[in-house]
Protein chains: 2
Amino acid sequence: MKATYMYGAGDVRVIDVPDPTLRLPTDALVRVVRACVCGSDLHPYHSMPDTPAGSPMGHEFIGVVEAIGAEVTTVSVGDFVISPFVVSCGTCEFCRAGLQTSCLRGGFWSDDTIGTGGAQAEAVRVPLADGTLVTAPVDENSDDGLLASLLTLSDVYGTGWHAAVRGGVTSGSSVTVIGDGAVGLLAVLSARQLGAEQIILMGRHQARTDLGREFGATDVVAARGDEGMAQVRDLTGGLGSQVVLEAVGHRPAYDQAVGVVRAGGVISRVGVPQYDDAPVGFGSLFGPNVTLTGGPAPVRAYIDQLLPQVLDGSVVPGKVFDRTMSLAETPKAYTAMDAREALKVAVRP
Amino acid sequence: MKATYMYGAGDVRVIDVPDPTLRLPTDALVRVVRACVCGSDLHPYHSMPDTPAGSPMGHEFIGVVEAIGAEVTTVSVGDFVISPFVVSCGTCEFCRAGLQTSCLRGGFWSDDTIGTGGAQAEAVRVPLADGTLVTAPVDENSDDGLLASLLTLSDVYGTGWHAAVRGGVTSGSSVTVIGDGAVGLLAVLSARQLGAEQIILMGRHQARTDLGREFGATDVVAARGDEGMAQVRDLTGGLGSQVVLEAVGHRPAYDQAVGVVRAGGVISRVGVPQYDDAPVGFGSLFGPNVTLTGGPAPVRAYIDQLLPQVLDGSVVPGKVFDRTMSLAETPKAYTAMDAREALKVAVRP
């Protein structure tokens, strides 16, 4: 089959690889109906050292179950499934606590520990299928927009939701969202669903911030740095926002979050940090009793809750996809997203 | 009157200063019945540059109201009062939210912005008396042990409580407390009151950890660094504690907290950080969805809740005081605490 591999910064290729097979009785094989390129895929796209063996890419997909191992009980051949961006057993202490990203037996797609390929491919072997996959009452011929929205449950909608939930967004909250990528925009949508009164979206790309307004942003701040922080302070009576959702992952976004959060407030990060150390001392987090939270979203914990409103169309998170490409075109999807010509590209194998 | 000033690292003196006076109609004058030296006073005791004018010391006290301004309504002359370690108005957005440490009009004792002296003195001018002081139905001739316990409501008990509350300690929690100073020990007491099932106290001073056991610690780990972290992991089924209360403030304590916290858990800091930057990236906080919280405790928000059990003797937080000295001896109190000959010294003017 065809699958997407990255060999170094800027070097993405679609190659022929052996078809995946069932290896363990808890596996399923899923034919990919839609996959996509993630903002987090752009981090290695900028920095990956040359890797002759390549690394399989893609961690978001929806598809149809083609085969199951003997111990799989919750999905059947022919089921339409949504796959979270981590594999999880569903039974360990962390899965039971709804923190599937820390599953004691699972792992991230493309990670050697679970031995799977990536999702930007024709098919994927899914370990621990019972704990990982969620079925949805649709089929691969369903409306394209619906499929796009279901695909967001694989990562970006659940990730935006995680940011908002961990941030403690509640009725009447003042929220600032940093970043106008797909996750930032869906953090806006999630904050609105959770009742936020004020949602300030910090982003510079008008097509994106317009979608942010459609999702519920009440204000847009295009400026960055000191000027951007000053504008957020002005919009919040000088106090800053109670909740800041950081959906970028670069250090300046962290500093911006610290600069706009209200004393006693929460910074909830879902952008994968591209830094290790950052200020946490008296002048940043400690003095004003600011809480720093977030991490990789256990989207598996949220799909059951978010799916009904996607199915009935009351929210349309799939609007973050502004292009669809074939699997062969996946390298172009990286280029387009990196150049910000595309917000998020769906891949149709 | 006599008051304690610090002039540089290791240089504490008791000097004659003018008696405080009422300056604003919202002021009260309080004659100090007991003050004390705080673990956080030891930070400048180690590092303060030479300061010819000196800096007034002390931010914890109980006392008797000697005079009030015309606008003060909640305390009267003769009232016995507990003073939190910050001055707060009681009416601003942050005070109403129970975050008096971020009061828009208040400030820290000895801070120029509020123009008060320190509490290691015979008397103190208390700005914003209505928002700051809490009365207690005792008098200065009450039992010494009771006065000691009331004095902990000024800072260390409320600070330990804040750590536990912010950490989300609840029935059945596994908690690790880092630091066997007064705040760490009262964090143990607080965690026990909030229902923690396992409380691991990391500390090396047996007299202190023995008091920690009396307050509710189920385990004591004397080792530090990798060995200490390994012991905590062993005690928690390899997973670490759900809540870590960090009551030291030095960088190694932060690293220890990161090393013993469970995925999805909370590090709640109340030790004043003596560092700015620290690891917050994928390998420390982000990957395992660890929350970092805490800050200076708004003890004013907790006194009403904690006072009844202090008055009825069902908790005796005053046990953290192992010495009482006269005001003239205050420099010796610093020496004794710095040398760890004393856990916490009460000062009786």
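Nothing in this text is a laboratory measurement; each read-out follows from the coordinates by a stated rule. Keep in mind the model is a prediction, meaning the values are calculated, not measured. Using ideal geometry, Cβ is built from the backbone for each residue, glycine included, and neighbour counts are taken over all protein chains shown.
Laid out as a table, the results:
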| read-out | value |
| --- | --- |
| Per-residue Cβ neighbour rank within 10 angstrom, fewest leading, B:I267, A:I303 | A:I303, B:I267 |
| Pairs of lysine residues in the protein assembly as shown - Cα separation under 19 Å, sequence separation of 8 or more or cross-chain | 6 |
| Shielding by partners, peptide A:289-302 (average Cβ within 10 angstrom, other chains) | 5 |
| Unit charges on C-beta of K, R, D, E only; dipole of chain B, Debye | 480 |
| Position B:R348, label points 7 Å along Cα→Cβ, spacing to each other copy in nm (shortest first, one decimal) | 8.6 |
| Spatial separation of Cα centroids for region B:294-332 and region A:79-136, in angstrom | 50 |
| Chain A, helix-only ellipticity at 222 nm - DSSP H runs n ≥ 4, -39,500 (n - 2.57), divided by all residues, nearest 500 | -7500 deg cm²/dmol |
| Stokes-Einstein diffusion coefficient of region B:160-294, Kirkwood radius over Cα pairs, 37 °C, 0.692 mPa s, in µm²/s | 235 |
| Electrostatic dipole magnitude of the protein assembly as shown [Cβ: Lys, Arg +1; Asp, Glu -1; Cα centre; debye, to 20] | 40 |
| Taking N as its residue count, the alpha carbon Rg of chain B over 2.2 N^0.38 Å | 0.97 |
| From the C-alpha gyration tensor of region B:89-152, square roots of 5λ in Å | 25, 16, 10 |
| Shielding of B:272-278 by partner chains, average beta-carbon count, 10 Å | 6 |
| Net dipole in debye of region A:262-349 [+1 Lys, Arg Cβ; -1 Asp, Glu Cβ; about Cα centre; nearest 20] | 140 |
| For B:V244, residues with placed amide H under 5 Å, excluding near neighbours | B:T176, B:V266, B:I267, B:S268 |
| Antiparallel bridge percentage (DSSP; both residues within chain B; nearest 5) | 55 |
| For region A:206-229 and region A:1-24, distance of Cα centres in Å | 37 |
| Selected from A:L245, A:L307, A:L185 as most flexible by GNM, with chain A as the system and alpha-carbon contacts under 10 Å | A:L307 |
| In order through region A:292-307: 3J(HN,Hα) via Karplus (6.51 cos²θ - 1.76 cosθ + 1.60), integer Hz, x for Gly, Pro | 10, 9, x, x, x, 6, x, 4, 4, 6, 10, 4, 4, 6, 8, 4 |
| Inter-copy spacing of B:A222 label points, which lie 7 Å from Cα along Cα→Cβ, given in nm from shortest upward | 6.6 |
| Cα centroid separation, region B:154-192 to region B:48-71 (Å) | 27 |
| Semi-axes of the equivalent ellipsoid for the protein assembly as shown, Cα gyration tensor, largest first, Å | 54, 26, 21 |
| Sorted by Cβ density within 10 Å, fewest first, the residues A:M325, A:M6, B:M229 | A:M325, B:M229, A:M6 |
| Rounded to 5, the percent of DSSP beta bridges in the protein assembly as shown classed as antiparallel | 55 |
| Computed E for B:D234/B:E341 - FRET, C-beta separation, R0 41 angstrom, nearest 0.05 | 0.80 |
| Among A:V260, A:V77, A:P331 the positive-end extreme of the charge dipole of chain A (Cβ point charges) | A:V260 |
| Rg over Rh, two decimals, region B:267-349 (C-alpha only, Kirkwood Rh) | 1.11 |
| Spin-label model distance (nm) - B:H46 vs B:L104, 7 Å beyond Cα toward Cβ | 3.7 |
| Burial ordering of A:T74, A:T101, A:T291, fewest other beta-carbon atoms within 10 Å first | A:T74, A:T291, A:T101 |
| Shape of region A:29-154, Cα gyration tensor, a/c cut at 1.5 | oblate |
| Label geometry 7 Å along the beta-carbon vector: A:G237 inter-copy distances in nm | 4.5 |
